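Visitor: I'd like to ask some things about the structure below.
Laboratory data are not the source of any read-out in this text; all were calculated from the coordinates shown. Not measured: the values here are computed from a predicted model. In this analysis, Cβ positions are derived from the backbone assuming ideal geometry, glycine residues included, and neighbour counts consider all displayed protein chains.
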Amino acid sequence: MRMWPFEGREGELAAIVSAFRGSDVNAVTVTAPAGMGKTRLAREAAGALSEARTAWIGATRAGAAFPFGALAPSLPEDEPATGPLNTILAAARQAGGWGGRGGVVVVVDDAHLLDEGSATVVAHLAAHRLGFVIMTVRSGEPLADVLGRLGEDAGAQRIDLPPLPATAIDRLIAHERPAGLDARERRRLHRVAQGNPLALYELLRGARPGGLTDLIMSRLSALDPGTRHAVELVACGEPLPVSMLERLAGPDAAIAAEDAGLIVAGRSGARAQARLGHPLYGEVLRATTSPSRAAVVYGELAGALLGTPLRRREDPLRAALWQVEAGAVSRADIVREGARKAIGHEDLALAERLARAARSAAPGDEADRLLAEILAFRGQAADAARLLTAPEPGPAADRVEWAITRADALYWSSGDIDGALATLDAAGGHPTAEASRSWLLCFDGRCAEAARTAAGVLGGPDAEPRAIIWATTAGAAAAGFLGRGADAEAIAGRGATVAAAHTATVPWGPVEVRIGACLAHLAGGSPRAAEALTAEGYRQALGGGAAMMVSGWALYGGLVALARGHLDAAERLLAEAQPDFAADNTFRLHRCALAARAAAKALGGDRAAATRHLAEADALAHPTNRLFAPWVETWRAWTSYAAGDLPAATGAAVRAADLARECGMPAVEALALYDVARLGGRPDLDRLAAIDHDTGRLVTGAARALVARDGATGLEAAAHGFAERGYDLHAAEVYTAAAYRHHRHGRPAHADLATASAAELTARCPGAATPLLRRNRFTGRLTQRERQILLLAAEHTSAQIAEQLGLALATVNNNLARAYNKLGIGSRDELRTLLAGGQPG
């Protein structure tokens, strides 16, 4: 095919080249409607940047069916397929080896068609400056969130391609029709093409007008059967090895399709791959191909791939899906293997589809167990339980796997913990089954039993890595809920070492261990430590391409943000998590996400939204997951407060404390009882004082100070303790109360300093509207700027404060002098004395 000249995009090309040769922009997104020349511009840009290596990633709808489908041809051949996280690490190592941001141009054509795994890899390369990314995106098509955020996280630049100017259209017409056209025909081409170079290209080759889709349909309908067959094969299987295309369609048809510009061939590693010349060809072809014809094409592809050794990492998954699309499964074992690969990629919908097809083709115990496992993951535990009604005969290993899957299904379907534990007895004390037992006990709120069972697995000599990881996760979480923080940390540390050494066989092991540690910190009264784990987990999940794992970390991150009082972050993360848990209600966490969102809205004063979310959560009530039940009641307490029902609010807080005591959760119990005071009720001080835990002692001091006649010193000590642990909203409330007490008892300097501390913490909790903040509000004599500078002055010089706040040094000193005058002090030493609760000399 004759290459058209590059016309009308010189300015956009210069912008991309300039962005690459600068230092601030790591990604450029070229956006335009279909056929507007995005791909051509990307090719020209890659060619202009000859000093860098080009890695071309062509996204397709066919490839999007496979996790990492678009990226697979570009990955290192010698890297083992060990899960999403290792896939991104492999891509990162390869890009780094090529020279990183200044040495690699990563072109992603039709990035809106990327599967989630490939999208997260591309985002990781840009965000970590491992390559300069050029993406083409069709206007109006949704882009994966990780790519959409590049503008914020990786300095992405957007270029919107307008229609080609009339002068450029004229030059293209002259190139294609050197003899010229009459004025009427030229006007018609301008009118129909409307600045779209693909439409113009098709019109000049005899296609009929009537919209771009009609143009493409007319072009495809004019193909001879052999050439159309070649295009069909590529549309269903791209990227397709050229050798397979030629074997199925014949070399002449493949050449004819390439000469017509309908397919393009390029190299990926050692293999030549065929793709469609434009994604519109595939969309139109697939839309106009009958189901029976599509089944024939997929059958050809499946047969050809099954005739190979299936050496490439994604070959079993592609062979599985193509058999299912063809409606004829000849190798059920390959389809089952493909389903397990889909589980590893966290694509549970695809995994279920493949597992059901494999079971239909080859029923049996193995097929039932695989489908049951996937259904349990997806929150369809009742269906899973029905598949596994009797102990599986055969090898002991099969009985162990049957018992684990059956026990999970029994518990998560109906809350039948006794039946689940009895089922695990059939495994004869196998360490992996016992590790599963510890996890079920933990989720059922039987934390002491869970901790003992996990300790038995971890202390035994025969546990496999999977058992150690499961027991670590349950054991660390249970220890944290029981208030044994040091034990939880030690357990998690050991498990993390094992998980890191066995990612090839248990890819998500490090993630599971981190979740256990996160829950331990959150339940043990250390949300600041939990936040560090959730932030890292969320970042790695984004890099690993597993949508459900991203949602999991968003949920845990949202719970931590809620505990800290960071309501905006809590709502954002919980809202992100909720849709995936609605689709796959793994561990019955959808209710938790809704109830936590209700509390976040309630703490911000949004009564209607809080009430709506809690009603939705209550509709999902289930006897499982008693571990989270005390928290759900705490969130109910704040929702009742927002609705104006204080008795219901304090009653729910007491119920939360009672549930926590039943499960042996001292920190959770103490915080729930303290919520009675925060809500405006009178807490049970004797019960609080009896809780033998650091968090219990902290909240007991705060509660006693709140009911004391003065209590300002105790309030400030409690506020400091809350702030150290990361309970920013709790600390802001108590500092606010302390400021009011100081003011009422004639200590204006102390009142102003407490107000300054409260303001600093309240700023981290925008929108919070709790009783303690409202009732004890005291503004003091210091301005907001004076408070800010005064708190920094205790530990920083004026020059350091000026640099940190972006102020002139004179501004800092002037504000500090005014604040000193208002407080009646004259030095930083006197300021530090005041901050410590003493009286300046």
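Visitor: Under a Cβ-only charge scheme (Lys and Arg +1, Asp and Glu -1), can you give me the dipole magnitude of the chain about the Cα centre, in debye to the nearest 20? Intermediate results must be reported in sequence, preceding the final value.
Guide: Values: 89 positive and 93 negative charges, 418 e Å.
The dipole of the chain has a size of about 2000 debye.
Visitor: Determine ³J(HN,Hα), in whole Hz, for all residues of segment 679-696 in sequence, where each value follows from phi through the Karplus function 6.51 cos²θ - 1.76 cosθ + 1.60 and θ = phi - 60°; x replaces Gly and Pro.
Guide: 7, x, x, 9, x, 7, 5, 5, 5, 4, 5, 7, 7, 8, 7, 4, 5, x
Visitor: How big is segment 383-493 by Rg and Dmax over its Cα atoms, in Å?
Guide: That works out to 13.8, 43 Å for Rg and Dmax.
Visitor: To continue, here is another question. Calculate, for Arg828 and Arg697, the FRET efficiency according to 1/(1 + (r/R0)^6) with r their C-beta to C-beta distance and R0 56 Å; round to the nearest 0.05. Could you put the intermediate results ahead of the total?
Guide: On the way: r = 32 Å, r/R0 = 0.57.
Efficiency, rounded to the nearest 0.05: 0.95.
Visitor: Ala222 label point, 7 Å along Cα→Cβ, cut-off 13 Å on backbone N: hits in segment 1-42?
Guide: none
Visitor: On to the next question. Determine the relative contact order of segment 231-370: mean sequence separation of Cα pairs under 8 Å and six or more apart, normalised by residue count, in whole percent. Before the final figure, lay out the partial values.
Guide: On the way: 178 pairs, mean separation 24.7, N = 140.
Answer for segment 231-370 is 18 percent.
Visitor: Give me the percent relative contact order of segment 518-668, please, defined on Cα pairs under 8 angstrom at least 6 residues apart. Walk me through the numbers before you get to the answer.
Guide: Values: 214 pairs, mean separation 26.3, N = 151.
Relative contact order here is 17 percent.
Visitor: Still on this structure, please answer the following. Once amide H atoms are built 1.01 Å from N in the peptide plane, which residues 5 or more positions from Thr29, or in another chain, come under 5 Å H to H?
Guide: For Thr29, whose amide H was placed from the backbone, the distant partners under 5 Å are Met135, Gln157, Arg158, Ile159.
Visitor: Between segment 352-386 and segment 465-524, what is the C-alpha centre distance in whole Å?
Guide: Value for the Cα centre distance between the two parts: 28 Å.
Visitor: Further question on the same structure: Among Ala358, Cys442, Thr505, which residue has its Cα positioned farthest towards the positive end of the charge dipole of the chain, with +1 placed on the Cβ of Lys and Arg, -1 on the Cβ of Asp and Glu, and the dipole taken about the Cα centre?
Guide: Going by the Cα projections, it comes out as Cys442.
Visitor: Residue by residue through segment 499-509, which ³J(HN,Hα) values in whole Hz follow from phi under the Karplus form 6.51 cos²θ - 1.76 cosθ + 1.60 (θ = phi - 60°), with glycine and proline marked x?
Guide: Karplus-based 3J(HN,Hα) across segment 499-509 equals 4, 5, 7, 10, 5, 5, 9, 10, x, 9, x Hz.
Visitor: Also: Using θ = phi - 60° and the Karplus form 6.51 cos²θ - 1.76 cosθ + 1.60, what ³J(HN,Hα) does each residue of segment 734-742 get, whole Hz, x for Gly and Pro?
Guide: 6, 4, 4, 5, 5, 4, 5, 5, 4
Visitor: Take the Cα atoms of the chain, find their three principal axes, and give me the spread along each one in whole Å, biggest first.
Guide: 98, 77, 47
Visitor: So if R0 is 60 Å, what FRET efficiency would Glu662 and Gln804 give, r being the distance between their Cβ atoms, rounded to the nearest 0.05?
Guide: Details: r = 48 Å, r/R0 = 0.80.
That gives a FRET efficiency of 0.80.
Visitor: Take the alpha carbon atoms of segment 699-753, find their center, do the same for segment 561-611, and report the distance between the two centers in whole angstrom.
Guide: So the two Cα centres are separated by 29 Å.
Visitor: Over the chain, what is the relative contact order in percent, taking alpha-carbon pairs closer than 8 angstrom and at least six residues apart? Numbers along the way, then the final one.
Guide: Numbers: 1497 pairs, mean separation 62.2, N = 841.
Over the chain, the number comes to 7 percent.
Visitor: Could you calculate the contour length gain from Arg53 to Ala448, that is, 0.36 nm times the residue separation minus the distance between their Cα atoms, to one decimal place in nm? Intermediate results must be reported in sequence, preceding the final value.
Guide: On the way: separation 395, 0.36 × 395 = 142.20 nm, distance 5.73 nm.
Net length gain for the segment: 136.5 nm.
Visitor: Give the share of C-alpha pairs in each 10 angstrom bin for segment 10-162, from 0 to the last occupied bin, in whole percents, shortest bins first.
Guide: Per 10 Å bin, starting at zero, the Cα-Cα P(r) for segment 10-162 comes out as 12, 45, 35, 7, 0 percent.
Visitor: Further question: Just add up the charged neighbours of Gln273: K/R +1, D/E -1, any other residue whose Cβ is under 12 Å from the Cβ of Gln273.
Guide: Working: positive: Arg267, Arg271, Arg275, Arg312; negative: Glu238.
Cβ neighbours under 12 Å give a net charge of +3.
Visitor: Further question: What net charge is computed for the residues neighbouring Ala384, neighbours being all others with C-beta under 10 Å from the C-beta of Ala384, Lys and Arg scored +1, Asp and Glu -1? Let's see the in-between values first.
Guide: On the way: positive: Arg369, Arg378, Arg386, Arg406; negative: Asp368, Glu373, Asp383, Asp408.
Around Ala384, the charge tally is 0.
Visitor: Among Pro683, Gln578, Ser330, which residue has its Cα positioned farthest towards the positive end of the charge dipole of the chain, with +1 placed on the Cβ of Lys and Arg, -1 on the Cβ of Asp and Glu, and the dipole taken about the Cα centre?
Guide: Pro683
Visitor: Viscosity 0.890 mPa s, temperature 25 °C: what is the translational diffusion coefficient of segment 318-446 from Stokes-Einstein with a Kirkwood Rh over Cα pairs, rounded to a whole number of µm²/s?
Guide: Working: Rh = 14.9 Å.
Estimated via Stokes-Einstein, D reaches 164 µm²/s.
Visitor: Still on this structure, I have one more. Per-residue ellipticity at 222 nm for the chain, helices alone: DSSP H runs ≥ 4 residues times -39500 (n - 2.57), over residue total, nearest 500 deg cm²/dmol?
Guide: Values: 45 runs with 551 residues, N = 841.
That calculation yields -20500 deg cm²/dmol at 222 nm.
Visitor: Identify the trypsin sites (Lys or Arg not before Pro) of segment 233-337 meeting these criteria: DSSP loop state and at most 11 other C-beta atoms within 10 Å of the C-beta. Please report the intermediate quantities before stating the final value.
Guide: Numbers: sites: Arg247, Arg267, Arg271, Arg275, Arg286, Arg293, Arg311, Arg312, Arg313, Arg318, Arg331, Arg336; in loops: Arg311, Arg312, Arg313, Arg331.
Passing sites in segment 233-337 are Arg311.
Visitor: In addition: Suppose we take every Cα in segment 641-757 and form the convex hull; what volume per residue is that in Å³? Intermediate values should be presented prior to the final figure.
Guide: Numbers: hull volume 11.8 nm³, N = 117.
Spread over its residues, the Cα hull of segment 641-757 gives 101 Å³ apiece.
Visitor: Continuing with this model, one more query. Give me the Kirkwood hydrodynamic radius of segment 93-239, using the inverse of the mean 1/r over all pairs of distinct Cα atoms, in Å to one decimal.
Guide: It is 18.4 Å.
Visitor: Can you tell me which of 254-265, 478-489 comes out highest on packing, and rank the rest after it, using the mean Cβ neighbours within 10 Å? If you can, show how the numbers build up before the last one.
Guide: Working: 254-265: 20.6, 478-489: 23.8.
Final packing ranking: 478-489, 254-265.
Visitor: Given H placed 1.01 Å from N in the peptide plane, which residues other than close sequence neighbours of Arg53 have an amide H under 5 Å from its amide H?
Guide: Amide H neighbours of Arg53: Val104, Val105.
Visitor: Using only Cα positions of segment 374-574, each an equal point scatterer, no hydration layer, compute I(q)/I(0) via Debye at q = 0.12, 0.17 Å⁻¹ and quote the log10 values to two decimals.
Guide: Debye intensities relative to I(0), on a log10 scale: -0.61, -1.19.
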